[in-house]
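One structure is given here, and the rest of the page talks about it.
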Amino acid sequence: MAFLQFLLNFSIRARLFFTAAVAIIGLGILFGLHQYGSSVDEDLTDAVLQIAKLESGMLTLRRNEKDFLARHDLKYQDKFNKNLDKTLATADILAQDLERQGFDTTQAVQVSQILTQYGKIFKAFVALQQEIGLDHKSGLYGALRSS
């Protein structure tokens with residue numbers, strides 16, 4: 001009430017300047033909030049994009065593994081390794097985006113650890129398959145056929 005009484009004591013011109021100043025300050029605050037909201041929205045959109053890339057990368061890894069199992073060709077191991085590196089980089093970017101936004105990054109870190117373990121297991125599998133033989137002439141298959 002005291003503020004209203006104080007404001008009523010001003011001239012009409014002063015009251016108009018005061019209301020204009022309040023409106024301009026309010027618009028400035030709204031603009032700032034809009035910019036902040038847009039920034040947060042952009043960061044979350046980036047995180048969603050990284051999640052989609054991560055899902056796509058994991059599907060590509062599974063396809064590379066399936067192709068190796070079906071054809072016993074080492075070019076699929078090379079493709080697997082390249083795609084694994086890309087997918088791990090995407091998981092790291094996702095973890096950084098989530099950390100920047102203040103979200104929990106434990107699941108993103110776990111995905112990286114699981115993908116690393118998956119890569120090690122696939123590498124060991126390829127080594128065993130090479131020992132067994134990739135075709136009828138190499139490895140243990142070849143030794144068995146030649147004897």
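The values are calculated or read from the model by the stated rules, or taken from the named source; none is laboratory data. Because the structure is a prediction, the values reported are computed rather than measured. Note: ideal-geometry Cβ built from the backbone for every residue, glycine included; neighbour counts use all protein chains shown.
Pick out the one residue from 71, 100 that is farther than 24 Å from residue 49 by Cβ, surrounded by fewer than 19 Cβ atoms within 10 Å (Cβ to Cβ) and either at pLDDT below 95 or under 14 Å from the mean Cα position of the chain (by Cα) (or both). If you could, list the steps in order and put the result at the bottom.
On the way: 100 fails: farther than 24 Å from residue 49 by Cβ.
Result: 71 is the single residue among 71, 100 that is farther than 24 Å from residue 49 by Cβ, surrounded by fewer than 19 Cβ atoms within 10 Å (Cβ to Cβ) and either at pLDDT below 95 or under 14 Å from the mean Cα position of the chain (by Cα) (or both).
Given the options 44, 7, 30, name the one that is modelled with pLDDT of 90 or more, assigned to a helix (DSSP H, G or I), surrounded by 10 or more Cβ atoms within 10 Å (Cβ to Cβ) and of a type in the set (A, V, I, L, M). Spell out how you get there, then give the answer.
On the way: 44 fails: modelled with pLDDT of 90 or more; 7 fails: modelled with pLDDT of 90 or more.
30 is the lone residue from the list that is modelled with pLDDT of 90 or more, assigned to a helix (DSSP H, G or I), surrounded by 10 or more Cβ atoms within 10 Å (Cβ to Cβ) and of a type in the set (A, V, I, L, M).
Pick out the one residue from 108, 14 that is of a type in the set (Gly, Ala, Ser), within 28 Å of residue 126 (Cα to Cα) and either without any contact (Cβ under 8 Å) to a residue 24 or more places away in the chain or not in a helix (DSSP H, G or I) (or both).
Numbers: 14 fails: within 28 Å of residue 126 (Cα to Cα).
Result: 108 is the single residue among 108, 14 that is of a type in the set (Gly, Ala, Ser), within 28 Å of residue 126 (Cα to Cα) and either without any contact (Cβ under 8 Å) to a residue 24 or more places away in the chain or not in a helix (DSSP H, G or I) (or both).
Which of the residues belonging to region 74-90 are closer than 18 Å to residue 124 by Cα and under 18 Å from the mean Cα position of the chain (by Cα)? Walk me through it before giving the result.
Here is the first cut: in region 74-90, the ones closer than 18 Å to residue 124 by Cα are 74-85.
Passing the criteria: 82, 83, 84, 85.
What are the residues in region 65-88 that are farther than 14 Å from residue 115 by Cα and without any contact (Cβ under 8 Å) to a residue 24 or more places away in the chain, if any?
Residues of region 65-88 farther than 14 Å from residue 115 by Cα: 66-79.
If the condition is that a residue be farther than 14 Å from residue 115 by Cα and without any contact (Cβ under 8 Å) to a residue 24 or more places away in the chain, then 66, 67, 69, 70, 71, 75, 76, 78, 79 are the ones that fit.
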